[in-house]
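Engineer: Here it is, the structure, as C-alpha cells.
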Amino acid sequence: MKKGIALLLAILMCLSLTACGGTGEQSSGQDSSGEDTAAPDYPTTNISCIIPYGAGGTMDQLSRALFQSLSEDALPSNVNFVVENVAGGGGLVGTEQGLTRAADGYTIVGVNGDLIINRAIGATDIVLQEDFTPIVCLQDEPYCLIGPADGDCSTLEGFINKLSSGDNAVTVAITGLGSPGGLATIALSNAFGCQIRTVTYDSSNDCALAVVTGECDATFINVSGVAGQIEAGTLKLLAVTSAEESDSLPGTPSLAQTYPEECGDMDLRSVCFLGIRSDADPAIIEWLHNTLNEGVASETYAELTESQMMTPKVWDIEGMTQYCEEAYNYYVGLLAE
C-alpha cells in the first residue's frame, strides 16, 4: 500500500513539473508553433507628451486631436497620453526638458521646423533627427503668402509687381528674421533682387491683423491660423511656399511653380512631428510609431483637423528624418546667400 501511494505521488509530481515547464515556455512569448506572440511590456503607465508651446496653439491642438483619435484598444486600460505645455524660448525650453527626461519611452516631445531653423541660425545645438527620432507627423503643409482683401497686394501678381518695383516697396509682417516668415521673406528678396521691408510682431495673429489694418502688405503664415479670416473675406490666400501646390489648398498657386526662374528651389513647409529621445528602446519607438500612425490615418483625425485646412499624412521614420536633414541644408543655404 505504501509503495502504491509513493508511486502515485511521484506521478503527480512529474505531471506538476511538466505543467510548470509548459507555462514557462508560453511566458517567454512563444506558442506551440514556436512563433513569438508576446505583447511588449509597454506601456504600463501614462506617457507624457511635452508640447513646447502654450495651450491652444497649432501643435497643442493637433497632438490632442491625435490622442483623441486613437482606437479604444490602442492603449492598455488606465494608460493615457498626457499633454504637458512647457512654453518658452521659442520652443527650446520644452524641447530641452524633453532631452533631460529618461529615455524610457514615457516622454515624447513635440518638435517642428522651428527647431531646425533655430539650429540653422545658431540658436541651439539640438539636431532634431539625431537627438530625437520622429515617430509621427502631425502636420506637413506649406506656409502661405497672405494678402489683404483688396488693393495692390490682394493678388499674387499684384504683390510680385509691387515687390519688383524697387527696394522696400512692400512691407511684410514677420515674427522674427529667424522665423519661417522671416526666411520666406529672405527667399523672396533673394529671388527678385529687391529688399523687402519687414516689421516684427509678437505673434502670427498680430501679423495677420497688421495685414487686415493695412500696416503691412502681406505676411507668411500657417493657413490654419487665419482660416476663419480667409473664409470671412478679410484676408486673401495668395500663394503657398512649397515646391508644388498643396492638396489641402487646391487652386492656390505655388511660388516655385509660378515663378520657376526666381523661386524654383523654394520649399518652406510647416512640419510638425512628435519625437522621442533617439536612445530609447527601438521596440518602443516602433510601437509608438505604428500606434500613433494608426491615429493619423483614422477618419476621426481627419474630421478633427478639417478646420486646420490640412491633409493628414502618414510618414515613415526614414522619410521624416530625411526631411529634417534636407530642410536644415536648405535653410543654411538660404541664410548664406
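Engineer: Look at VAL271 and say whether it is touching a Lys or Arg at 6+ places or on another chain (Cβ under 8 Å), of a type outside the set (Gly, Ala, Ser) and in a strand (DSSP E or B). Spell out how you get there, then give the answer.
Structural biologist: Numbers: touching a Lys or Arg at 6+ places or on another chain (Cβ under 8 Å): no; of a type outside the set (Gly, Ala, Ser): yes; in a strand (DSSP E or B): yes.
Here the answer is no, as VAL271 does not meet what is asked.
Engineer: What's the number of the only condition in (1) touching a helix residue (DSSP H, G or I) at 6+ places or on another chain (Cβ under 6 Å); (2) aliphatic (A, V, I, L, M); (3) free of Cβ contacts under 8 Å to residues at least 24 places away in the same chain that ALA232 fails to meet?
Structural biologist: Here ALA232 clears every test but (1).
Engineer: Residues in the stretch 186-213 that are outside any helix (DSSP H, G or I) and surrounded by 15 or more Cβ atoms within 10 Å (Cβ to Cβ): how many? Lay out the reasoning, then the answer.
Structural biologist: Of the stretch 186-213, the ones outside any helix (DSSP H, G or I) are 193-203.
Cutting the leftovers down to surrounded by 15 or more Cβ atoms within 10 Å (Cβ to Cβ) gives us 194, 196, 198, 201.
The qualifying residues number 4.
Engineer: Kindly indicate which of LEU255, LEU274 is aliphatic (A, V, I, L, M), out of contact with any Leu (no Cβ under 6 Å at 6 or more places or on another chain) and over 24 Å from PRO52 (Cα atoms).
Structural biologist: Every option except LEU255 fails the conditions.
Engineer: While we're on this one: Please go through the stretch 163-193 and give me each residue that is more than 27 Å from ALA123 (Cα to Cα) and either touching a Ser or Thr at 6+ places or on another chain (Cβ under 7 Å) or not charged (D, E, K, R) (or both), ordered by number.
Structural biologist: Filtering the stretch 163-193 down to residues more than 27 Å from ALA123 (Cα to Cα) leaves 163-170, 192-193.
Listed by number, the residues that qualify are LEU163, SER164, SER165, GLY166, ASN168, ALA169, VAL170, PHE192, GLY193.
The rows are residues; the columns are (1) assigned by TED's automatic domain parsing to the domain that holds MET310; (2) surrounded by 15 or more Cβ atoms within 10 Å (Cβ to Cβ); (3) touching a Phe, Trp or Tyr at 6+ places or on another chain (Cβ under 6 Å); (4) assigned to a helix (DSSP H, G or I).
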{"residue": "GLY56", "(1), (2), (3), (4)": "yes, no, no, no"}
{"residue": "ARG64", "(1), (2), (3), (4)": "yes, yes, no, yes"}
{"residue": "LEU75", "(1), (2), (3), (4)": "yes, yes, no, no"}
{"residue": "VAL82", "(1), (2), (3), (4)": "yes, no, no, no"}
{"residue": "ALA102", "(1), (2), (3), (4)": "yes, no, no, no"}
{"residue": "ILE108", "(1), (2), (3), (4)": "yes, yes, no, no"}
{"residue": "LEU115", "(1), (2), (3), (4)": "yes, yes, no, yes"}
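Engineer: With respect to ALA191, is the statement that it is in the same structural domain as GLY181 (by TED's automatic domain parsing) and under 22 Å from MET310 (Cα atoms) true? Working first, answer last.
Structural biologist: On the way: in the same structural domain as GLY181 (by TED's automatic domain parsing): yes; under 22 Å from MET310 (Cα atoms): no.
No, not satisfied.
Engineer: Just the residues that are touching a strand residue (DSSP E or B) at 6+ places or on another chain (Cβ under 6 Å) and β-branched (Val, Ile, Thr), please, taken from the stretch 126-143.
Structural biologist: Let us first name the residues in the stretch 126-143 that are touching a strand residue (DSSP E or B) at 6+ places or on another chain (Cβ under 6 Å), namely 128, 132-143.
Those that are touching a strand residue (DSSP E or B) at 6+ places or on another chain (Cβ under 6 Å) and β-branched (Val, Ile, Thr): THR133, ILE135, VAL136.
Engineer: Which count do you get for residues in the stretch 279-306 that are part of a loop (DSSP other than H, G, I, E, B) and surrounded by fewer than 17 Cβ atoms within 10 Å (Cβ to Cβ)? Please lay out each step first, then the result.
Structural biologist: Taking the stretch 279-306 and keeping what is part of a loop (DSSP other than H, G, I, E, B), we get 279-281, 297-298, 305.
With the extra rule that they be surrounded by fewer than 17 Cβ atoms within 10 Å (Cβ to Cβ), the set shrinks to 279, 281, 297.
Of the residues in the stretch 279-306, 3 are part of a loop (DSSP other than H, G, I, E, B) and surrounded by fewer than 17 Cβ atoms within 10 Å (Cβ to Cβ).
Engineer: So, in the stretch 233-248, how many residues would count as being under 18 Å from THR155 (Cβ atoms) and in contact with a strand residue (DSSP E or B) (Cβ under 6 Å, 6 or more places away or on another chain)? Write out each step before concluding.
Structural biologist: Start the filter on the stretch 233-248 by keeping residues that are under 18 Å from THR155 (Cβ atoms), which leaves 233-241, 245.
Add one more test, that the residue is in contact with a strand residue (DSSP E or B) (Cβ under 6 Å, 6 or more places away or on another chain), and what stays is 235-241, 245.
The qualifying residues number 8.
Engineer: Filter the stretch 307-319 down to the residues that are in a helix (DSSP H, G or I) and touching an Asp or Glu at 6+ places or on another chain (Cβ under 9 Å) and list them by number.
Structural biologist: From the stretch 307-319, those in a helix (DSSP H, G or I) are 307-308, 317-319; that's our starting set.
Residues satisfying the conditions are GLN308, ILE317.
The values are calculated or read from the model by the stated rules, or taken from the named source; none is laboratory data. From a predicted model like this one, the values you see are computed outputs, not experimental measurements. When we count neighbours, we look across all protein chains shown, and the Cβ atoms used for this are built from the backbone with ideal geometry, even at glycine.
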